[in-house]
Amino acid sequence: MTVSPSALEELVTANRILAREGVVDSFGHVSIRHPDDAGRYLLSRARAPECIEADDVMQFTLEGAPIDAGGRKSYSERFIHGAIYQARPDVHAVVHNHSPSVIPFGITSTALRPVMHMCASMGTQVPTWDSRTNFGDTNLLVTNMEMARDLAAALGDRPVALMRGHGCVIAGTSLREVVFNAVYLELNAELQMKANALGPITFLSDGEVEAVLATRRSFTFERAWEYWCRRAGRPYDFRPMEGPLAGGH
Ligand SMILES: [Zn+2]
């Protein structure tokens, strides 16, 4: 089943933005569920996100089998995406990264919690998945469906899960939302570490997180996306999501 050129270009743009904003480096990836087939997802061939072109985007079954590889090598950790799409019908985009400021929170007992309004989308409970718990000593990579399903179970119905000694996953209803949340997750982690050096932190309350998310509109994602497109040297394509366009700030 073919995919529209605009959907492929949108995924390329997401890769370039995540690279430009320091959320991914040579590693890390972002996928979308196939727009016309919920049993497939779209993900680049194994390549650094900064370098990805539309021709690199491949289709996979939710079990991680490439539909038409055409000689292209797949990411060894592609299973992460399919397992989350299987477990979460509401999810249409997934980011996996090794976002540098987030890593410390996966390897210590300090919980990653929202310190500012723009970062509220991580929610108030960010779980940490430890591959060692069920799989013992590994190279930490999620290279099969069994590990990926275990990670998806740890994520549950939440938007973010940390991966001990490795990175994190961000799941959401749209590509622009997960890119937004991935960028602001990295920022929150950096700010939380800085604030912690100064003294005890006042985090957003559960009620404040709820209020921020209840009033966030697609305008917020669009303003960020246009800005990040400019920084990444990519064309901006206005795509309002469902709901009113008011409410941004
Ligand atoms: Zn990884």
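Quick note: the coordinates plus some simple rules give every number you see, no bench work behind them. Keep in mind it's a predicted model, so treat the numbers as computed, not measured. With ideal geometry, Cβ positions are generated from the backbone for all residues, glycine too; neighbour counts draw on all protein chains shown.
State the number of residues belonging to the stretch 23-34 that are of a type in the set (Gly, Ala, Ser) and away from the ligand (no atom under 16 Å from the Cβ).
0
Annotation note: of Arg113, Arg158, Arg176, the sole residue that is under 22 Å from Ser44 (Cβ atoms), more than 15 Å from the ligand (Cβ to nearest atom) and of a type in the set (Lys, Arg) is Arg176. For Leu18, the criteria (1) away from the ligand (no atom under 16 Å from the Cβ); (2) within 23 Å of His166 (Cα to Cα) hold in every case but one, which is (1).
Restricting attention to the stretch 119-132 and to residues that are β-branched (Val, Ile, Thr) and assigned to a loop (DSSP other than H, G, I, E, B), the residue that is farthest from the ligand (Cβ to nearest atom) turns out to be Thr124. Taken together, Ala38, Ala48 contain a single residue that is within 16 Å of the ligand (Cβ to nearest atom) and either within 21 Å of Glu177 (Cβ to Cβ) or free of Cβ contacts under 8 Å to residues at least 40 places away in the same chain (or both), which is Ala48. Taken over the stretch 179-216, the residue count meeting the criterion of being within 16 Å of the ligand (Cβ to nearest atom) and of a type outside the set (A, V, I, L, M, F, W, C) is 1.
Filtered by the rule that a residue be more than 14 Å from the ligand (Cβ to nearest atom) and either of a type in the set (Asp, Glu) or more than 20 Å from Cys119 (Cβ to Cβ) (or both), the stretch 161-173 gives no residues. Just give me the residues in the stretch 68-83 being touching a helix residue (DSSP H, G or I) at 6+ places or on another chain (Cβ under 9 Å) and of a type in the set (A, V, I, L, M, F, W, C), in sequence order. Phe79, Ile80, Ala83 - these are the residues of the stretch 68-83 that are touching a helix residue (DSSP H, G or I) at 6+ places or on another chain (Cβ under 9 Å) and of a type in the set (A, V, I, L, M, F, W, C). Going through the stretch 165-200 one residue at a time, which ones are surrounded by fewer than 17 Cβ atoms within 10 Å (Cβ to Cβ) and in a loop (DSSP other than H, G, I, E, B)? Gly165, Thr173, Gly199, Pro200 - these are the residues of the stretch 165-200 that are surrounded by fewer than 17 Cβ atoms within 10 Å (Cβ to Cβ) and in a loop (DSSP other than H, G, I, E, B).
Suppose we filter the stretch 133-155 for residues that are away from the ligand (no atom under 15 Å from the Cβ) and farther than 14 Å from Ala87 by Cα; how many remain? Matching residues across the stretch 133-155 total 4.
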